[in-house]
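Trainee: Following this message is one structure expressed as structure tokens.
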Amino acid sequence: MAPVSQQPASQPPASHPPVSRSASASAPVVPARPPLPAQPSVPVPGVRRSLPVPPIPGRDAPAAPPPPEPPAQVHRRAAPAGPARRRLGRAGVVAAALLATVLTFYVGLYFYADVSMTRVDALATDGPEVLAPQLQETSRTYLVVGTDLPGRTGPAAVSTLVAHVGGDGSSAVLVSVPPTALTDTPTCLGADGEVREAVTESFAAALLDGGPACLVRAVQQVSGLRIDHYLQVDAARLPELVDALDEVTVCLPGPTTGSALPLPAGAHGLTGDEAGGYLSPGGDGHDVTGNATAQRQERVLAATLGTAAAGGTLADPMTLTRFLTRAADALTVDGDTTLGDVRTFGTTFADLGAEAVERADLPVSRIGYVPAGSDQAAVVVDAAATRQLFDAVIDTGRLPVPADAAAEDVAGEGAPAEGGAAGAAPADELPVPTETDPVPAGTTVSVEPAGVTVDVLDATGGQRTAEAVGALTAQGFRVGAQGAEPAAVARTVVRYGPASLEPARTVAAAVPGAVLVESDLVGGAVQLVIGPDFTGVVPVALGTPVPSSAAPAPVPEGSADCG
């Protein structure tokens, strides 16, 4: 009999499930069947297989399709750059670095010049003297002031120019203001920071005694314009600015008079030395009010700023640096004006044609006027004509139409002028005197010295008035007003009105080297303006020849298109 294997009582066979004690005692042990292997489903005849339950609408949602698989990324290794490609990349980097350096240089130069300009507190845009400010909202008005003019001292060394640019920038008006013209300066803040009371003085005194803020208020008072930019130029350094650019082109619509460098009409390239001569006074003293000097300065300044802003100058770092360095020392502006505003001023007048820029002088009614209690000759402003001029500038941005031109327009329409034929001048208007030789051959003295009253004005600054008065009195002349003439003259001048030629000849014969100059702004007076060539007074009597040298030099003629 074979031996029977025995298993431990603690571990039942793995193939038999555990049986409880009660079950083992009452039922026999049934051996478990081994699991049947999986077999394919075999259809049974007569038996239907169960089908999938269809989805219930509103409850079961169809399963979303699986997302598409991302395309396989193929990593390709870039081909190494060739020598030409590497050189091109390096050149691009160098060019970018060079451009950044140049831009940094220009920006730095601009800010250096801008902060180096002298700035003053000059503007009073909300002053009560500004008329119709709503009409001036889009326009720009510059007050351009020149100081230390070559060849001049004191008030004569100051020039004042009002430049008004229309709102669309297509037109401009330039008005020259005589530096010695009398004006009522409102209460203003002086250069010393103290309040300065209102006073009647010349425009030059408003600047020299009060400061830029007082000059701005004085110009606004007489014009009604709102001054938006104050630009002061040291005229003695203006030739240096021209020299920094080598040369500037100035176009003259007419010949130059009253300049140490007379030029014919047309375009002229000026060097620094030539610009200094062009700005210096000369001639026979025709520029009594200083207006011609102010216009010459404006032409040189506008040409200089326009040349500096041209592409050729901007592309030359050395020239641009030289110019901006000198300009920063020569310019004084208000606190709100930048170097860009100065450039805009120059380019505006450089780009506008001659027909788009109108020029005028401040209307005056008298020159050589010596106020009571003063020893300084002054210019008297024609108040009515001045108001008419600036009202037209404020309203239209243009100068007023001359009365004779308006009369011609009316006459052209067939309407005769009042009081006469079409185009005739009013009966109370004097005809414009024709320029004739005041000393034709054989001219002699026809009025005795005792019948001549002469005003004596000293333009030398050397206080020679008393000397001249004593010499004239000794020869029998009667002396009227006495004072200092701020206008710069190159020669001794005898000024006279159209009706005073005969007594003026007597004075010219008594003062060797004197030149006769007719002016309707002296009325019936005869004025002796002492120049640097004054040597004294000689005896004269009836029949004494009048030297031909007393005749003024002929005014050159000619014109040019500066458009």
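Trainee: Run the dipole for region 133-396 about the Cα centre, Lys and Arg Cβ at +1, Asp and Glu Cβ at -1, nothing else charged, and hand back the magnitude in debye, nearest 20.
Mentor: 160
Trainee: Could you give the length gained by full extension between Ser170 and Ala441, i.e. 0.36 nm per residue of separation minus their alpha carbon distance, to one decimal place?
Mentor: That pair, Ser170 and Ala441, stretches by 92.4 nm at full extension.
Trainee: Amide H to amide H, which residues 5 or more places from Val381 or on other chains are under 5 Å from it, using H placed in the peptide plane?
Mentor: Leu182, Ser365
Trainee: Once you sort the root eigenvalues of the Cα gyration tensor of region 194-237 as a ≥ b ≥ c, which label holds: rounded (a/c under 1.5), prolate (a/b larger than b/c) or oblate (the other case)?
Mentor: It comes out oblate by the Cα gyration axes.
Trainee: Is the C-alpha gyration tensor of region 436-511 telling us rounded, prolate or oblate? Criteria: a/c under 1.5 is rounded; beyond that, a/b larger than b/c is prolate, otherwise oblate.
Mentor: Oblate shape, in that a/c is at least 1.5 and b/c is the bigger or equal ratio.
Trainee: May I ask you to give the average projected area over all directions of the convex hull of the Cα atoms of region 133-396, in nm² rounded to one decimal? Walk me through the intermediate numbers first.
Mentor: Working: hull surface 56.1 nm².
Directional mean of the projected Cα hull area for region 133-396 stands at 14.0 nm².
Trainee: Given the Cα-Cα distance of Val93 and Ser549 and 0.36 nm per residue of separation, how much length would full extension add, in nm?
Mentor: Between Val93 and Ser549, full extension yields an extra 156.7 nm.
Trainee: Need the full-extension length gain, Asp192 to Leu135, defined as separation in residues times 0.36 nm minus the C-alpha distance. One decimal, nm.
Mentor: Gain on stretching Asp192 to Leu135: 17.2 nm.
Trainee: With every protein chain kept in place and ligands, DNA and RNA left out, what is the accessible area per residue of region 133-396? Probe 1.4 Å, answer in Å².
Mentor: I get 36 Å² per residue for region 133-396.
Trainee: Starting from the residue with the highest accessible area, list Glu247, Glu502 in decreasing order, probe 1.4 Å.
Mentor: Values: Glu247 95, Glu502 70 Å².
Putting Glu247, Glu502 in descending order of accessible area: Glu247, Glu502.
Trainee: Of Gln527, Gly462, Val540, whose Cα points farthest to the positive end of the dipole of region 444-545 (charges on the beta-carbon: +1 Lys, Arg; -1 Asp, Glu; origin at the Cα centre)?
Mentor: The residue sitting most towards the positive pole is Val540.
Trainee: Between Phe390, Val380, Phe349, whose Cα lies farthest towards the positive end of the dipole of region 262-403 when Lys and Arg beta carbons carry +1 and Asp and Glu beta carbons carry -1, centred on the Cα centre?
Mentor: Value computed over the given set: Phe349.
Trainee: Determine the dipole magnitude for region 250-338: charges of +1 sit on the beta-carbon of Lys and Arg, -1 on that of Asp and Glu, nothing else is charged, the reference point is the Cα centre, and the result goes in debye to the nearest 20.
Mentor: Taking the Cα centre of region 250-338 as origin, the dipole is about 180 debye.
Trainee: Based on the Cβ-Cβ distance from Glu467 to Cys251, what FRET efficiency comes out when R0 is 56 Å, to the nearest 0.05?
Mentor: Given R0 = 56 Å and the Cβ-Cβ separation, E is 0.80.
Trainee: Continuing with the same structure: Can you give me the relative contact order of region 444-545 as a percent, contacts being Cα pairs under 8 Å and 6 or more apart?
Mentor: Numbers: 242 pairs, mean separation 39.8, N = 102.
Dividing the mean separation by the residue count of region 444-545 yields 39 percent.
Trainee: Hey, got the dipole for region 444-545? About the Cα centre, +1 on K and R Cβ, -1 on D and E Cβ, debye to the nearest 20?
Mentor: Numbers: 5 positive and 9 negative charges, 22 e Å.
The dipole of region 444-545 has a size of about 100 debye.
Trainee: If you don't mind, there's one more thing I want to ask. List the GluC sites (Glu not before Pro) within region 127-227 that DSSP assigns to loop and that have no more than 14 neighbouring Cβ atoms inside 10 Å.
Mentor: Glu137, Glu194, Glu197
The values are calculated or read from the model by the stated rules, or taken from the named source; none is laboratory data. Only a predicted model underlies this, so the values are computations on that prediction, with no experimental measurement involved. Neighbour counts are summed over all protein chains in view; Cβ atoms, including those assigned to glycine, are modelled from backbone coordinates with ideal geometry. With ligands, DNA and RNA removed, areas are computed over all heavy atoms of the protein, side chains included. Shrake-Rupley method; radii C 1.70, N 1.55, O 1.52, S 1.80 Å.
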